[in-house]
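For reference, the structure is listed below as structure tokens.
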Amino acid sequence: MKESPKQDQNEVPELKKLVVQGDTFLTRYTKKYQQRKSWSKPDPKKVVSFIPGTIRQVLVRAGDTVAAADKLLVLEAMKMMNSIYSPINGKIRSVTVKEGDRIPKGTVMIEFD
């Protein structure tokens with residue numbers, strides 16, 4: 001009968017540094033943590049859906065100039081109408097959604113020049 005190799009009881013998994021708000025900790029990362037998607041700074045020239053939903057109203061077109069806080073579109077999610085406002089002053093490069101579209105979280109809805 002073949003014996004399975006036993007782990008040494010004194011063997012400690014490799015500890016890695018984790019920095020949280022300037023404090024450094026030694027810890028073991030879980031497999032799920034190691035496979036996570038890395039955070040990247042959001043692009044201010046892209047308006048991205050923060051929840052899945054249905055586009056109910058599109059108020060701008062490509063080529064329109066908008067000011068910060070202008071209403072761009074209405075996204076319905078969980079029976080609530082969410083108004084999406086412009087984060088910046090600028091010119092609309094493209095509108096990638098239309099009324100009635102069902103979109104998942106993370107969809108680019110509008111791009112600015």
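A short reminder: the numbers here are calculations on the coordinates, not readings from a lab. Here the structure is a predicted model, which is why all the values come from computation and not from measurement. Because the Cβ atoms are built from the backbone with ideal geometry, glycine has one as well, and the counts that use them run over all protein chains shown.
Hey, how many Å between the Cα centroid of region 95-112 and the Cα centroid of region 20-72?
14 Å
Given contacts defined as C-alpha pairs under 8 Å and at least six residues apart, what's the relative contact order of region 46-112, whole-number percent? Mind showing how you got there, number by number?
Values: 163 pairs, mean separation 30.3, N = 67.
Relative CO of region 46-112 lands at 45 percent.
Which lysines, on any chain, are close to Lys46 with Cα under 21 Å apart, when same-chain ones fewer than 8 places away are left out?
Within the straight-line cut-off, Lys46 pairs with Lys37, Lys71, Lys91, Lys98, Lys105.
Taking loop as defined by DSSP and a crowding limit of 16 other beta carbons within 10 Å, which trypsin sites (Lys or Arg not before Pro) in region 67-113 fit? Please list the in-between numbers first.
On the way: sites: Lys71, Lys79, Lys91, Arg93, Lys98, Arg102, Lys105; in loops: Lys79, Lys98, Lys105.
Those satisfying the criteria are Lys79, Lys98, Lys105.
So what's the convex hull volume per residue for the Cα atoms of region 46-112, in Å³? Mind showing how you got there, number by number?
Details: hull volume 4.4 nm³, N = 67.
Cα-based convex hull of region 46-112, divided per residue, equals 65 Å³.
Could you work out [θ]222 nm for the chain from helices alone, using -39500 (n - 2.57) per DSSP H run of at least four and dividing by all its residues? Round to the nearest 500 deg cm²/dmol. Present the calculation step by step, with values, prior to reporting the outcome.
On the way: 1 runs with 4 residues, N = 113.
Helices in the chain give a 222 nm mean residue ellipticity of -500 deg cm²/dmol.
Grab the alpha carbons of the chain, take their convex hull, and tell me the volume per residue in Å³. Let's see the in-between values first.
Numbers: hull volume 24.3 nm³, N = 113.
So the per-residue Cα hull volume is 215 Å³.
Can you tell me the FRET efficiency between Lys46 and Lys71 if r is taken as the Cβ-Cβ distance and R0 is 22 Å, rounded to the nearest 0.05?
Values: r = 17 Å, r/R0 = 0.79.
My answer for the efficiency is 0.80.
Select from region 29-102 those chymotrypsin sites (Phe, Trp or Tyr not before Pro) which occupy a DSSP coil region and have at most 14 other Cβ atoms within 10 Å, ordered by residue number. Mind dumping the intermediate values first?
Numbers: sites: Tyr29, Tyr33, Trp39, Phe50, Tyr85; in loops: Tyr29, Trp39, Phe50.
When the chymotrypsin sites (Phe, Trp or Tyr not before Pro) of region 29-102 are filtered for loop state and at most 14 Cβ neighbours within 10 Å, Tyr29, Trp39, Phe50 remain.
Please report the net charge: other residues with Cβ closer than 9 Å to the Cβ of Ser86, K and R +1, D and E -1.
Numbers: positive: Lys71; negative: Asp70.
In short, 0.
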